[in-house]
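This report concerns only the one structure given below.
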Amino acid sequence: MGEECILKGVRKHANPGKATILALGKAFPHQLVMQEYLVDGYFRDTNCDNLELKQKLSRLCKTTTVKTRYVVMSEEILKKYPELAVEGLPTVTQRLEICNKAVTQMAIEASKACIKNWGGSLSDITHLVYVSSSEARLPGGDIYLATGLGMSPKTQRTMLYFVGCSGGVAGLRVAKDIAENNPGSRVLLTTSETTIIGFKPPSADRPYDLVGVALFGDGAGAMIIGSDPRVETEKPLFELHTAAQEFLPDTEKKIDGRLTEEGISFKLARELPQIIEDNVEGFCDRLMDVVGFQSKDYNKLFWAVHPGGPAILNRIEKRLDLLPEKLNASRRALMDYGNASSNTIVYVLEYMIEEGNKIRKDGGEDPECGLILAFGPGITFEGILARNLCA
């Protein structure tokens, strides 16, 4: 695989033994939040009348580019657990009671949607990879998901907990390794997240919280991954050629999350977008160098980037000199769902397929090769060099 796969524009079947994404699925809680109404609702629900904080959140809501999001939080939950809106109360037990149940329900729904889109049988799934930063329990959510789906007790399970926004691509990397090292296997990768674990009333002492309120959403995503697709029954979407993970030394505090008696508290460094901008080109080049891809014309690739926020997307676009349409799928996912942490890459890939269909319908040719990227605590870069097999 090299530069010729883009220049010729010739679609190929999946390479023997290489993992492919065979299906996508998603699910959301029932509560839909319109960004234009978020500020008034949030301050009403938390009984806060701080005008300065309200104005700050209003500004943030406009800069995030988010239009709609789904959330587990509801009036019913706040009536049952009014302490969640009170500053300083120990509520981690209540939060986990809500979150553990909610993420399992969403994970089951997303997995069922994915399996339906795949067209295969639940009994054909040999492995389960489960990703979440929104729950904490023993046994873990993988057991509850497997049980809820009715999976075989022999299904081999792997959990990735508290890996944040990079979790979806990290899970894909793990699923890729499993699929390629277990011929005939079919891996269900499911991610599920809710912001209730970190829901708090506004406070001048925690300006980071307002960023989260303006940006993050809830939901679940799922993928089926396997190698050597069955020609008669399976339609591969993306081939996962090469995967890489890299952390940046001395950046552990730039994305800082701590589980406390009041839930999870996050701090995001202001320089986070700049750090990603400074390092993304080198990471992408090292990933492409593995297969001898020499071209630095990044516009010959497709880009499925986890939308951590508009500033991150803008910085990547600037550093790599990308055409504006290259990040359309990421910007659409951010606008429609917010940053839903590990789930969001599933929504980006769905929009990537839609964008490709539009290009071909208009007589154009979308790139065959591209990068699937996400960034999380560490600061950790996750990337996969992939081929688009949809056309």
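The values are calculated or read from the model by the stated rules, or taken from the named source; none is laboratory data. Note that the coordinates shown come from a computational prediction; the quantities given were computed from them, not determined experimentally. Cβ coordinates were reconstructed from backbone atoms using ideal geometry, including for glycine residues, and neighbour counts include every protein chain displayed.
Find the residue count for region 61-77, including only residues that are in a helix (DSSP H, G or I), out of contact with any helix residue (DSSP H, G or I) (no Cβ under 6 Å at 6 or more places or on another chain) and either surrounded by 15 or more Cβ atoms within 10 Å (Cβ to Cβ) or not assigned by TED's automatic domain parsing to the domain that holds Asp218 (or both). Step through it out loud before you land on a result.
First pass over region 61-77, keeping only residues in a helix (DSSP H, G or I): 61-63, 75-77.
Applying the additional criterion that residues be out of contact with any helix residue (DSSP H, G or I) (no Cβ under 6 Å at 6 or more places or on another chain) yields 62-63, 75-77.
Applying the additional criterion that residues be either surrounded by 15 or more Cβ atoms within 10 Å (Cβ to Cβ) or not assigned by TED's automatic domain parsing to the domain that holds Asp218 (or both) yields 77.
Here the count works out to 1.
Which pairs turn up if I take residues in region 373-388 that are outside any strand (DSSP E or B) and look for partners that are hydrophobic (A, V, I, L, M, F, W, C) with beta carbon separation below 6 Å, at least 6 apart in sequence or on another chain?
Once the first residue is outside any strand (DSSP E or B) and sits in region 373-388, its partners that are hydrophobic (A, V, I, L, M, F, W, C) give Pro377/Ile255; Gly378/Phe247; Ile379/Leu248.
From the list Gly171, Gly217, exactly one residue is of a type outside the set (Phe, Trp, Tyr), in contact with a Phe, Trp or Tyr (Cβ under 7 Å, 6 or more places away or on another chain) and closer than 24 Å to Val71 by Cβ. Which is it? Quick ask: steps written out before the conclusion?
Numbers: Gly171 fails: in contact with a Phe, Trp or Tyr (Cβ under 7 Å, 6 or more places away or on another chain).
The unique qualifying residue is Gly217.
Pairs needed: first member in region 212-238, in contact (Cβ under 8 Å) with a residue 60 or more places away in the chain and on the phi > 0 side of the Ramachandran plot; second member anywhere, among the small types (Gly, Ala, Ser) and outside any strand (DSSP E or B); C-beta distance under 7 Å; at least 6 residues apart or different chains.
Hits for this filter: Gly219/Ala340; Asp228/Gly17.
For region 313-347, name all the residues that are of a type in the set (A, V, I, L, M) and touching a Pro at 6+ places or on another chain (Cβ under 7 Å).
Taking region 313-347 as the starting set, the residues that turn out to be of a type in the set (A, V, I, L, M) are 313, 316, 320, 322-323, 327, 329, 333-335, 340, 345-346.
Answer for region 313-347, where residues must be of a type in the set (A, V, I, L, M) and touching a Pro at 6+ places or on another chain (Cβ under 7 Å): Leu313, Ala333, Leu334.
Just to be sure I understand, how many residues within region 179-198 are in contact with a strand residue (DSSP E or B) (Cβ under 7 Å, 6 or more places away or on another chain) and either under 21 Å from Ile98 (Cβ atoms) or not assigned by TED's automatic domain parsing to the domain that holds Tyr81 (or both)?
7
Would you pick out the residues in region 354-379 that are touching a Cys at 6+ places or on another chain (Cβ under 7 Å), over 20 Å from Gly219 (Cα atoms) and either surrounded by fewer than 19 Cβ atoms within 10 Å (Cβ to Cβ) or not aliphatic (A, V, I, L, M) (or both)? So that I can check it myself, show each step before the final result.
As a first pass, look at region 354-379 and keep what is touching a Cys at 6+ places or on another chain (Cβ under 7 Å): 356, 368-369, 371, 374-376.
Of the ones still in play, those that are also over 20 Å from Gly219 (Cα atoms) are 356, 368-369, 371.
If the condition is that a residue be touching a Cys at 6+ places or on another chain (Cβ under 7 Å), over 20 Å from Gly219 (Cα atoms) and either surrounded by fewer than 19 Cβ atoms within 10 Å (Cβ to Cβ) or not aliphatic (A, V, I, L, M) (or both), then Gly356, Glu368, Cys369 are the ones that fit.
Between residues in region 99-119 that are touching a residue at least 60 places away in the same chain (Cβ under 8 Å) and on the phi > 0 side of the Ramachandran plot and residues that are polar (S, T, N, Q) and surrounded by fewer than 18 Cβ atoms within 10 Å (Cβ to Cβ), which pairs lie under 9 Å by C-beta distance while being six or more apart or on different chains?
Short answer, once both residue conditions are applied: Gly119/Thr233.
Might you check whether a residue that is touching an Asp or Glu at 6+ places or on another chain (Cβ under 7 Å), closer than 30 Å to Pro229 by Cα, surrounded by 15 or more Cβ atoms within 10 Å (Cβ to Cβ) and modelled with pLDDT of 95 or more occurs anywhere in region 109-117? Steps first, please.
Taking region 109-117 as the starting set, the residues that turn out to be touching an Asp or Glu at 6+ places or on another chain (Cβ under 7 Å) are none.
No: region 109-117 contains no residue that is touching an Asp or Glu at 6+ places or on another chain (Cβ under 7 Å), closer than 30 Å to Pro229 by Cα, surrounded by 15 or more Cβ atoms within 10 Å (Cβ to Cβ) and modelled with pLDDT of 95 or more.
Given the options Gly212, Gly171, name the one that is surrounded by 22 or more Cβ atoms within 10 Å (Cβ to Cβ), under 17 Å from the mean Cα position of the chain (by Cα) and in a helix (DSSP H, G or I).
On the way: Gly212 fails: surrounded by 22 or more Cβ atoms within 10 Å (Cβ to Cβ).
Going through Gly212, Gly171 in turn, just one is surrounded by 22 or more Cβ atoms within 10 Å (Cβ to Cβ), under 17 Å from the mean Cα position of the chain (by Cα) and in a helix (DSSP H, G or I): Gly171.
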